[in-house]
Amino acid sequence: MERANVQTRTLSFELDELAVRAASNDDRIPVVISSDSLVEMPDGPEILVHSVEAVDLSRAPLPIIASHKGGQINVGIIDNISIGGGMMRGEARFGERTEAREYRTDVVNKIIRSVSVGYRRVRGKIRAADNVLVTSRWIPMHAAMIAEPGDMRAGFFRELDSLPALVIEEAQPAAPAAPSKELSNMDDGKAAAGAIAEVQVIDNGAQERLRIKTLHALGRVHKIDGDAVEGWVDNGTTAEEGATKVLEIIAERAKKGEKTSPAAIGLSPAEARRFSITRAINAVISKDWTKAEFEAEASRAVGQRLGRMSTEHTFYVPLEVQQRDLIVATATMGGNLVATELQSFIDILRNRSVVMTMGAFSMPGLVGNVAIPRQTAPGTAYWLATEATAITESQPVIGQLTLSPKNVGGYTEISRQLLLQSTPSAEFLVNSDLAKVIGLAVDAAAIAGPGTAGQPTGILNTSGIGTAAPGTGTNLSYADMIRFQTTVAASNAFMPGFGYVTTPTVAGFLMGKPRFTNSDTPIWGGNILDGQVVGARAMTSNQIGSGTMLAGDFSQVVIAQWGVLEIETNPYANFPAGIVGVRAFYTVDVGVRYAAAFALGTGFVGP
C-alpha cells in the first residue's frame, strides 16, 4: 500500500488466556489499536507518534472491517478509545449479524490474531539520521482484521500496561538542519488525505523522492490506475505535468460518464431525433400532452432521476436530445431534397461562448462535484556552498480547484406561429435561441462572475490574476500590448494558448493605430472580430466590460457541465402579439486553474 492516503499498520500479539475466557461472556474485547513502534511501510520506515496532540480522533468510534479493501461492511466498532503509554487503546464490540458473530467467535477462539489500523497522514518529518518518517499528526480511520502482523506490541486481549512507551529522539545531523517545507494537497492550508504537510529531507535524492510522492498522492486522491502513475514516475513527469494529466483523465471520465448523468435516460438516436422541444412547449402552453406523450414520458424519466418532478409549466430535456444532430431541409434543384446537418444544442451552447472559443477546457456529462489538481507553488533549486552542504528540500505544492453545480437561466421570446410550425427548421431556431441566451450567460460568468448569489467565480474576480497597467484612454501603445505578455511571463505562466479579448471599440482603435511611428502596420491585425496582437490570437466581445482587455491562456479556464436542461414557459409574455416566453435552466460551474496565466487592463478608450 502507498505511503500517503489511507495507510495500514499491521499489529500482532500474544493472547492472554484469562482475557479470552472473560471475553466469552462479555460483549467488549480490549484491543490495542496501534503503537508507536517502528514499522516498515511500503515506502519506508515509519513511526506514528501517540499523544493526545498527535492523534485526531474525530472519526471515532472506529469501525471494524474484515480487510483494508474498499467497500467493506462494518462488523463492529471500537469505542472508549484512549491514548497513553505510546499506544492507542479501545474496546471492540461486534455486531449481531451472522457475519459479525462469526468474526467475534474467531477472535475469541484465537483464529483471528492481528489488527491493522487504517489512517490518514496529516503532518510528519523524515529524520535525516535514519530516514525514518515520524508522523506527528494523523487520523485513525478504521481497524481491520488481517493475517500478516507487522508490530508485536498490540492486538486483541493484549496486556496493555506492561510495555513502556517508545521514546522518539531526533538525531542531530552533522550539518545544520535545513528548515522544513510545508506541503499541502488542498487549498487554504488544509492537508488532504495522505498529504505530508511538513517534510524535512537531507539527502541528495530529496527532490526525486518528493516528486515520486507527489505523483503517487495525485494518483491516489483521484483514483488513477497504478500502472499509469508508475509510467509517469518512470518517464520523469513533474508534479505540474502530473496535475495536468490528472485533469485530462478527469475530463475523459466525464465524457465517458455522460450516460450516468441524471439527464441521460438511454434514448436511442432515433428516439432522440423524435423528441421535439417545440412540441413540448406547445403542450405546456395548451396543457394538452396528448400530442406530446413521448416528450412527457421522457421528461418524467429525467425528473425521476433528478429526484424532483416538473411543474405544469416546465419540462426536462434528456441529455441525448441535447446532443443530437439536427437536420434542416434545404431547397435545392427545385425541391427539398438535400439535408444540411446542424450542430447539437450543447455544441451551439459551447460555440457561442467567447471563453470557449478562446480555448477554455470543457468537462461535460458530470454527475457529482469534481476536484481538479493545480500547482499552487513551485519547487526551489539551491546552490551548495561546499561539497558537504545539505540540500534544502522543496517541492511543488499541489492544490485543488473544486467545482460544484450552479444553475443558470436564460430567457427568450418565440412567436406562437413559429411554435406551431413542426418543421426541422423551426426546431433548430428554438434550440438556437435557447442555447444563445444560456451560452451568453455562461460566457459572462466565465469572464466576470462574482462568485456570489449562486454564480461562479469568473476570471476577473479570481484572486491572483495579473495587472498589465497599460496606458489609459487613447494612450494605448504597442508596448502596452507587449506588457500583457510580460506580466504573465513574469509569473512563469505564459503558455502557448495565450490570447487577447477586448471590446470592438478598443479593437477598432488598435486597428487604426500603428505599432511604431511612421509605420503602417496596425497594433491589431485582421478583422474587428478575430485578429492578432503581438503574435497572439485576439477577438472581441461585448461580454467584457467597456474599456477593458483581458489576456491570457484561456485553456486554464475549466467549464464544468452537468447536462440537465430544464425549460419553463410563459404563454402570456406578450398576449396581444401571441409571443411565448421561454426560460431555460442549465447546470454549470467555472473555475480557473492558474490565475497568474491572465493579465487585466482597464481604462482604455471609451465605448
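Taking amide hydrogens as placed 1.01 Å from N in the peptide plane, the amide H of Trp524 sits under 5 Å from those of Met511, Lys513, each at least 5 positions away in sequence or on another chain. Sparse packing (at most 12 other Cβ atoms within 10 Å of the Cβ) combined with a DSSP loop state is found for the following GluC sites (Glu not before Pro) in region 281-312: Glu312.
For region 518-606, take the alpha-carbon Rg, divide it by the Kirkwood Rh, and send me Rg/Rh. Spell out each step's value before the answer.
On the way: Rg = 19.9 Å, Rh = 17.3 Å.
On the Cα set of region 518-606, Rg over Rh gives 1.15.
As a calculated quantity, the FRET efficiency between Leu306 and Ile249 at R0 = 35 Å, using C-beta atoms, amounts to about 0.80. Close amide-amide hydrogen proximity is noted between Thr402 and Ile372, each under 5 Å apart and 5 or more residues distant or on a separate chain (H modeled in the peptide plane; Pro and chain starts excluded).
One Cα centroid belongs to region 516-593, the other to region 467-482; the line between them spans 23 Å.
Residue separation of Thr521 and Ala490 scaled by 0.36 nm, minus their Cα-Cα distance, works out to 8.4 nm of gained length. Put one equal scatterer on each alpha carbon of region 474-558, apply the Debye formula with no solvent term, and list log10 I(q)/I(0) at q = 0.12, 0.17, 0.18, 0.21 1/Å to two decimals. One equal scatterer on each Cα of region 474-558 leads to -0.33, -0.66, -0.74, -0.99. Applied to region 435-451, the Karplus parametrisation 6.51 cos²θ - 1.76 cosθ + 1.60 on θ = phi - 60° returns per-residue 3J(HN,Hα) values of 5, 5, 5, 6, x, 5, 5, 5, 4, 4, 5, 5, 7, 9, x, x, x Hz, with x for Gly and Pro.
Label positions at Asn542 and Asn570, each projected 7 Å from the Cα along the C-beta direction, are separated by 2.1 nm. Rounded to whole numbers, the Karplus 3J(HN,Hα) couplings from phi for region 463-468 are 5, x, 6, x, 10, 6 Hz, using 6.51 cos²θ - 1.76 cosθ + 1.60 with θ = phi - 60°, and x at Gly and Pro. Taking trypsin sites (Lys or Arg not before Pro) across region 467-543, none is in a DSSP loop with at most 16 further Cβ atoms lying within 10 angstrom of its Cβ. Annotation: amide H of Thr237 has no partner in the under-5 Å range at sequence separation 5 or more or interchain, hydrogens built in the peptide plane.
Mean projection of the alpha-carbon convex hull of region 413-484 over all orientations, in nm²?
Values: hull surface 34.9 nm².
Over every viewing direction, the Cα hull of region 413-484 projects on average to 8.7 nm².
None of the figures in this text is laboratory data; all of them are computed from the coordinates on show. Since we're looking at a predicted model, the values are computed, not measured. Every residue, glycine among them, receives a Cβ derived from its backbone with ideal geometry; neighbour counts consider all protein chains shown.
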